[in-house]
Amino acid sequence: LCTEFHTDLVYMAPRTVSLDAYAIDRDEVSVEDYRRCAAAGGCTVDALVTGDERYIVDDGPMVNVTWHEALTYCRWRGARLPTEAEWERAARGDRAAATWPWGELEQPRDFNHGQPRALALREIDRQAATLPFRAFGDPDGGDGFMYLAPPGSYRWGDSPFGTRDQAGNVAEWTADAYLRETHNRGYENLARMNPVRDVGAALSRVVRGGSWRQPAFVARSHLRDPFNLMYEATQ
């Protein structure tokens, strides 16, 4: 997702912030979109030739991009990455307390996410003390796609503003830096108007939305990706 110019597993107290008007892409950037940037010389081809080739299909969402590559693509478009607050506003719509992009339900509607890990694998994950094992998932073909889905395939998961796949499919970079300190998480110690945590060359950047490989809970509109500390801007 790019924004045009014109929380973690640690739960924190809600904070009300305000945003100026902005526009945001309805769908995730596709491989075809990114190819056009590379063909024009605006983007590197690295993300198109590295990683699992099963995911590099024209109608699929673009993956394997670093934060810097995502930023470059958006700038080539005459746009920018959305701030964390802009991403969350698009996902929540006018419902400030909505758990999911589609609102508040006892069970989330179907969208492209993983299923909980098999018991044996879950125990292995539990022993890896440095990793949040609950955020692992196994591929789930029961939702229509075993892995990635073409952007916009899950129309019943639209947010009130019409954005799609903000829950699941592929996770999205935002403009904000991710810092370890509790007092620098979320919107704490930021301006109430157009908040953004910009610390220049921060190693990690905030990722939102969860992916096809993560269990459903990771895709909640208020939740940051549990692996966020591992998402360095250059990887």
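So that you can scan it fast, the table gives a plain yes or no per residue for (1) modelled with pLDDT of 95 or more; (2) under 15 Å from Arg89 (Cβ atoms); (3) exposed (fewer than 13 other Cβ atoms within 10 Å of the Cβ); (4) within 18 Å of the chain's Cα centre (by Cα):
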{"position": "Leu1", "(1), (2), (3), (4)": "no, yes, no, yes"}
{"position": "Glu4", "(1), (2), (3), (4)": "no, yes, no, yes"}
{"position": "Val29", "(1), (2), (3), (4)": "yes, no, no, yes"}
{"position": "Cys37", "(1), (2), (3), (4)": "yes, no, no, no"}
{"position": "Gly41", "(1), (2), (3), (4)": "yes, no, yes, no"}
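Restricted to region 145-193, and to residues there that are modelled with pLDDT under 85 and under 25 Å from His68 (Cβ atoms), the residue that is most open to solvent (accessible area, probe 1.4 Å) is Arg180.
Restricting attention to region 79-109, the residues that are of a type in the set (Asp, Glu), open to solvent by 70 Å² or more (accessible area, probe 1.4 Å) and either within 30 Å of Leu203 (Cα to Cα) or in contact with a Phe, Trp or Tyr (Cβ under 9 Å, 6 or more places away or on another chain) (or both) total 1. For Leu229, the conditions (1) open to solvent by 30 Å² or more (accessible area, probe 1.4 Å); (2) in a loop (DSSP other than H, G, I, E, B) all hold with the exception of (2).
With respect to the conditions (1) within 23 Å of Ala149 (Cβ to Cβ); (2) open to solvent by 90 Å² or more (accessible area, probe 1.4 Å); (3) modelled with pLDDT of 75 or more, Trp76 falls short on a single one, namely (1).
Scanning region 195-226 for residues that are in a helix (DSSP H, G or I) and open to solvent by 30 Å² or more (accessible area, probe 1.4 Å) returns a single hit, Phe217. When Thr50, Thr83 are checked against the criterion of being out of contact with any strand residue (DSSP E or B) (no Cβ under 7 Å at 6 or more places or on another chain) and modelled with pLDDT of 80 or more, a single residue qualifies: Thr50.
For region 55-62, the count of residues that are of a type outside the set (Asp, Glu) and either in contact with an Asp or Glu (Cβ under 6 Å, 6 or more places away or on another chain) or farther than 21 Å from Leu148 by Cα (or both) is at least one.
The values are calculated or read from the model by the stated rules, or taken from the named source; none is laboratory data. Predicted model only: the values in this text are computed from it and were never measured. Every residue, glycine among them, receives a Cβ derived from its backbone with ideal geometry; neighbour counts consider all protein chains shown. Remember, those area values only see protein heavy atoms, side chains included, never the ligands or the DNA or RNA. Shrake-Rupley method; radii C 1.70, N 1.55, O 1.52, S 1.80 Å.
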